[in-house]
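For reference, the structure discussed in these notes is given below.
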Amino acid sequence: MKNFKYIQPKSLSEVKKYFSDNHSVLYAGGTDVLGLVKKEVYNYENMIDLKSVPDLDKVEEVKGKGLKIGALVKISEIAESEIIKNKYTALSDAAQKVASPQIRNMATLGGNICQRPRCWYYRDDYACLRKDGDYCYAEEGENKYHAVIGGSPCFIVHPSDTAVALMALDAVFNIFDGNAEREVPISEFFVQPDEDVYLENILKPYEVLTSVFIPEQKNKVSRFIKFAERDVWDFAMASVAVKVEKNGNKITGGKIILGGVAPIPWYDEKINKGISGLTLDEKSIDEFSKLALQDAEPLSKNGYKITLARNLIKMILSEI
Amino acid sequence: MIQISFILNGKKVKLETDENRRLIDILREDFSLTGTKEGCSIGECGACTIIMNKLAVNSCLVLAGQLIDSEILTIEGVSENGKLNVLQENFLKYGAVQCGYCTPGMIMSIYALLLKNNNPADEEIKEAIAGNLCRCTGYKQIIDAARATADTDMITDLSQ
Ligand SMILES: Cc1cc2nc3c(=O)[nH]c(=O)nc-3n(C[C@H](O)[C@H](O)[C@H](O)COP(=O)(O)OP(=O)(O)OC[C@H]3O[C@@H](n4cnc5c(N)ncnc54)[C@H](O)[C@@H]3O)c2cc1C
Ligand code: SF4
Ligand code: FES
Ligand code: FES
């Protein structure tokens, strides 16, 4: 690993100046960035530590409105929070499924949302599209863990579990651009490869995600489930987050987001159109689940993800 | 180079080092604390587990700069004056050690659990070591050793 400077800005407004002519990167828990610099996927000159910036690590309930979670709050704190477990269950479920206990103790919410892809060609010595090369090695190569929808021209899946839950919960991100803060709904945050193949979200390198706001989920229940090869450490092969309102055993409204299938947490039009009015019995759920991923275009080795995602939808709806 | 000071096994330490060195390198090379082992180097085995600010973390994923003003406890810091603590004794008693490579990390993960919860359920013990791989013992003996230690209620917070 090449050497770099480790910089600890004392305020948010100080952050941007380190991005003027140097090759810098924001550093939160480091569990993702460190892997990338060690492999020399990127050789940054400056690591800009966000922990020295005050007030980014608070969880705050805003009465009657919702919950504000600082970007530097650790995943383990989210996983253990009673408020989040009771009111924003999908996020609690997702946080508990991230990586391992040790990693959850270092990893932050902001870092989890902004982490880079796990495509093995990208993490290894391949000059692929995302690294300014002219070829996607996964498209015809080892693509078992890649995207089945929304992929082309790069077939990464978004690696974050918490992002899938936050999308179902309609989170809003607060972003500081060096001068001022703005709000961006999560549905406008992630970027598909056909729009920009180098970035996974709208942030400029110097822009800081400061906090995540989740609106109050009155009368709604939410859950997240994930399937991975090992229970610990592994990223989702597919995951599902749901948020619904119910009247008896009928769903009156809600949202379903799929993880592990696309370069961004995936909003499938057909299932989301069909969710309202769904009766929660085995036959209806079974029929309903088949609406998911009908437009998918799997690669040679990842077709299993369609069945897997549909089965996860069935599981989560029969438990909700 | 970066100047850092932090608390290591109860003592304040200072050093100047390259920014790109990891906590595991600093422990093993600069402080000769070789009890902490390196396995995978990527956060997937738990052999390098230490306690940072009372939480179990992978020392292979912590950079020098992140140590500033932190409190670090390693396997060397859990025994006092060369005498094994109850948890270590129980690892021996319950046959929870074979090759021993995973042992320091396992002990630190369980120790971190006991620091915040001296009466954990079996499920909580399993969860605490979910990020630690053992290739030889099998996890039952390790869980038994943790169980017995929790039941004796004798772990004290040495990092204070
Ligand atoms: C072995 C292993 C297994 C894993 N398994 C899972 C898993 O199952 N599920 C899962 O979701 N994740 C998993 N991860 C990924 C892990 O959760 C992330 O590495 C972690 O959440 C990143 O958080 P961090 O604070 O360490 O981020 P960092 O490594 O510090 O940063 C990650 C990226 O986000 C940027 N960034 C960080 N904070 C901000 C901010 N506030 N504003 C703007 N940009 C920011 C950084 O510049 C960097 O590009 C795994 C990682 C490992 C090593
Ligand atoms: S999927 Fe994307 S990151 Fe992976 S090889 Fe193809 S272009 Fe590169
Ligand atoms: S060496 Fe750190 S987790 Fe394996
Ligand atoms: S005793 Fe050998 S790896 Fe656990």
Task: Hits in the range B:8-24 - residues which are out of contact with any Ser or Thr (no Cβ under 6 Å at 6 or more places or on another chain) and surrounded by fewer than 17 Cβ atoms within 10 Å (Cβ to Cβ) - done: B:10, B:11, B:12, B:13, B:16, B:18
- [ ] Please state which one of A:60, A:45, A:77 is surrounded by fewer than 14 Cβ atoms within 10 Å (Cβ to Cβ) and not basic (Lys, Arg).
- [x] A:60
Task: Subset of the range A:189-213 [surrounded by fewer than 16 Cβ atoms within 10 Å (Cβ to Cβ), of a type outside the set (A, V, I, L, M, F, W, C) and touching a strand residue (DSSP E or B) at 6+ places or on another chain (Cβ under 9 Å)] - done: A:205
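Residues that are within 12 Å of ligand 4 (Cβ to nearest atom) and not aliphatic (A, V, I, L, M), at least 3 per element: which helices (runs of 4 or more DSSP H) completely within the range B:80-156 meet that? If you could, list the steps in order and put the result at the bottom.
On the way: elements: B:86-93, B:103-116, B:122-128, B:139-152.
The qualifying helices (runs of 4 or more DSSP H) are B:103-116.
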Open item on the list: Condition (residue is assigned to a helix (DSSP H, G or I), more than 17 Å from the chain's Cα centre (by Cα) and away from ligand 4 (no atom under 16 Å from the Cβ)) applied to the range B:66-76: is it met by at least one residue?
Closed with: yes
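Name the residue, out of A:296, A:292, A:241, A:236, that is part of a loop (DSSP other than H, G, I, E, B), in contact with a Pro (Cβ under 9 Å, 6 or more places away or on another chain) and among the small types (Gly, Ala, Ser).
Working: A:296 fails: in contact with a Pro (Cβ under 9 Å, 6 or more places away or on another chain); A:292 fails: in contact with a Pro (Cβ under 9 Å, 6 or more places away or on another chain); A:241 fails: part of a loop (DSSP other than H, G, I, E, B).
So the residue among A:296, A:292, A:241, A:236 that is part of a loop (DSSP other than H, G, I, E, B), in contact with a Pro (Cβ under 9 Å, 6 or more places away or on another chain) and among the small types (Gly, Ala, Ser) is A:236.
Can you confirm whether residue A:125 is away from chain B (no Cβ under 14 Å) and within 14 Å of residue A:165 (Cβ to Cβ)?
On the way: away from chain B (no Cβ under 14 Å): yes; within 14 Å of residue A:165 (Cβ to Cβ): no.
So residue A:125 fails the test.
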Task: Selected residue (criterion: nearest to ligand 4 (Cβ to nearest atom)) from residues of the range B:1-59 that are among the polar types (S, T, N, Q) and assigned to a loop (DSSP other than H, G, I, E, B) - done: B:36
Open item on the list: Here is a check on your reading of the model: is residue A:35 closer than 19 Å to residue A:215 by Cα and either away from ligand 4 (no atom under 16 Å from the Cβ) or within 21 Å of the chain's Cα centre (by Cα) (or both)?
Closed with: no
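Name the helices (runs of 4 or more DSSP H) wholly inside the range A:81-144 in which the number of residues that are within 16 Å of ligand 3 (Cβ to nearest atom) is 2 or more.
Numbers: elements: A:82-87, A:89-96, A:101-106, A:109-114, A:120-123.
Hits in the range A:81-144: A:101-106.
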TODO: Tell me which residues, restricted to the range A:97-140, are surrounded by fewer than 17 Cβ atoms within 10 Å (Cβ to Cβ) and without any contact (Cβ under 8 Å) to a residue 40 or more places away in the chain.
DONE: A:120, A:125, A:127, A:133, A:134, A:135
Open item on the list: Can you tell me which condition residue A:68 does not meet? The list is (1) assigned to a loop (DSSP other than H, G, I, E, B); (2) among the basic types (Lys, Arg); (3) more than 14 Å from chain B (Cβ to nearest Cβ), and all the others hold.
Closed with: (1)
TODO: Looking for whichever is surrounded by 19 or more Cβ atoms within 10 Å (Cβ to Cβ) and among the small types (Gly, Ala, Ser) here; the options are A:180, A:241. Which one fits?
DONE: A:241
- [ ] Those residues that are of a type in the set (A, V, I, L, M, F, W, C), crowded, with 24+ Cβ neighbours inside 10 Å and either within 9 Å of chain A (Cβ to nearest Cβ) or near ligand 3 (Cβ under 7 Å from one of its atoms) (or both), I need them from the range B:36-51; list them, please.
- [x] B:45, B:47, B:48
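None of the figures in this text is laboratory data; all of them are computed from the coordinates on show. Quick caveat: nothing in here was measured; it's all calculated off a predicted structure. Don't worry about glycine lacking a Cβ; one is built from the backbone with ideal geometry, like all the others, and counts go over all protein chains shown.
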